[in-house]
1. For the stretch 122-177, what are the residues that are among the aliphatic types (A, V, I, L, M) and assigned to a helix (DSSP H, G or I)?
2. Given the conditions (1) of a type outside the set (S, T, N, Q); (2) at pLDDT below 95; (3) part of a loop (DSSP other than H, G, I, E, B), report the number of the one that ALA211 does not fulfil.
3. Starting from residues that are touching a strand residue (DSSP E or B) at 6+ places or on another chain (Cβ under 6 Å) and among the hydroxyl-bearing types (Ser, Thr, Tyr), keep the ones in the stretch 152-179 and report whichever is surrounded by the fewest Cβ atoms within 10 Å (Cβ to Cβ).
4. Within the stretch 63-85, does at least one residue satisfy the condition of being under 20 Å from the mean Cα position of the chain (by Cα), farther than 18 Å from THR249 by Cβ, surrounded by 11 or more Cβ atoms within 10 Å (Cβ to Cβ) and not hydrophobic (A, V, I, L, M, F, W, C)?
5. Criterion first (surrounded by 18 or more Cβ atoms within 10 Å (Cβ to Cβ), hydroxyl-bearing (Ser, Thr, Tyr) and modelled with pLDDT of 95 or more) does TYR149 satisfy it?
6. Which number in (1) in a loop (DSSP other than H, G, I, E, B); (2) of a type in the set (Val, Ile, Thr); (3) in the same structural domain as GLY205 (by TED's automatic domain parsing); (4) under 19 Å from ASN61 (Cβ atoms) marks the one condition that VAL116 misses?
7. Filter the stretch 106-131 down to residues that are surrounded by fewer than 19 Cβ atoms within 10 Å (Cβ to Cβ) and aliphatic (A, V, I, L, M) and give me whichever is nearest to TYR217 (Cα to Cα).
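The values are calculated or read from the model by the stated rules, or taken from the named source; none is laboratory data. Only a predicted model underlies this, so the values are computations on that prediction, with no experimental measurement involved. Positions of Cβ are generated from backbone atoms using ideal geometry, with glycine treated the same way; all protein chains shown enter the neighbour counts.
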Amino acid sequence: MPGYLFTYRKFKNIYETPIVKEEDKQAMSKLKMLIEPFVLRRNKKEVLTELPEKTVTVLSNEMNEEQQNIYLTYLAKAKQEIAEKVEIDGFENSQMQILAALTRLRQICCHPSLFVEGYNEGSSKLEQCIEIIEEAINGGHKILLFSGYTSMFEIIEKELKKRSIEYFKLTGATKIDERMKMVDEFNENSNIKLFLISLKAGGTGLNLTGADMVIHYDPWWNISTENQATDRAYRIGQKNNVQVYKLITKNSIEEKIYELQEKKAKLADSMLDTKTTFINKFSREEIMRLFE
């Protein structure tokens, strides 16, 4: 229906900008009225009434002293370099540098050794994660552990081997036939309690209802990507309640990403009563606030 929501420029002026930046309730109500006749809500709990409960818990961790020093030093440097880059080339032409800087900050939260050569002071998040895994295994649970960084798995694997914890790992490099073989064995083999899965490689198409716990090691920009990953366990065939843990580092970019996730999800809920949203990019103001 071309023209139903006007041109994009007009749509942005009338609806997008007032709703996103000013939380204009009147604009939100008008747009919702226009969209509602064409939106069919498909709520999982209403469609799949036999599904057990799912509990989502956000667990905070604090960086150790050395980790925090590295984070604050890089944050100050990145903030200055990005400001200079934007001033010279403009915001649109600085996207790659901004993304690279944000990625470094996220990696420091996960474990500084992801890009700081010779770092061996540990990571508070890694310690928290291993503690959760050990307690869960002792409690008879099976776990899916997701991360956006496959290189983080190499660090986690060292800790798992020290503790003689058996696990499977699935990344983009895993062959299709091997993927399905591991999925079947994980669901059936009671000795394999942990599955490490790359968020991008394992976000869809896997049935892992043998697990009743999901850990998101690091927050991803798009909350729906995390939810799709969680749904590898929380789907038809799941008989147990599912516990989801999100590991968030205090006073860091991860807290800001989580806040943005919540803001976007709330906006989508209020507009469409669904997790789909027409806003698929963060604004310049939101991006720059990540460096505060």
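1. Taking the stretch 122-177 first, the residues among the aliphatic types (A, V, I, L, M) are 126, 130, 132-133, 136-137, 143-145, 152, 155-156, 160, 165, 170, 173, 176.
LEU126, ILE130, ILE132, ILE133, ALA136, ILE137, MET152, ILE155, ILE156, LEU160, ILE176 - these are the residues of the stretch 122-177 that are among the aliphatic types (A, V, I, L, M) and assigned to a helix (DSSP H, G or I).
2. Evaluating ALA211 over (1) of a type outside the set (S, T, N, Q); (2) at pLDDT below 95; (3) part of a loop (DSSP other than H, G, I, E, B) leaves (2) as the failure.
3. THR171
4. No, every residue in the stretch 63-85 fails to be under 20 Å from the mean Cα position of the chain (by Cα), farther than 18 Å from THR249 by Cβ, surrounded by 11 or more Cβ atoms within 10 Å (Cβ to Cβ) and not hydrophobic (A, V, I, L, M, F, W, C).
5. On the way: surrounded by 18 or more Cβ atoms within 10 Å (Cβ to Cβ): yes; hydroxyl-bearing (Ser, Thr, Tyr): yes; modelled with pLDDT of 95 or more: no.
When the stated conditions are applied, TYR149 does not pass them.
6. So the condition that VAL116 fails would be (3).
7. Per the criteria, the residue is ILE130.
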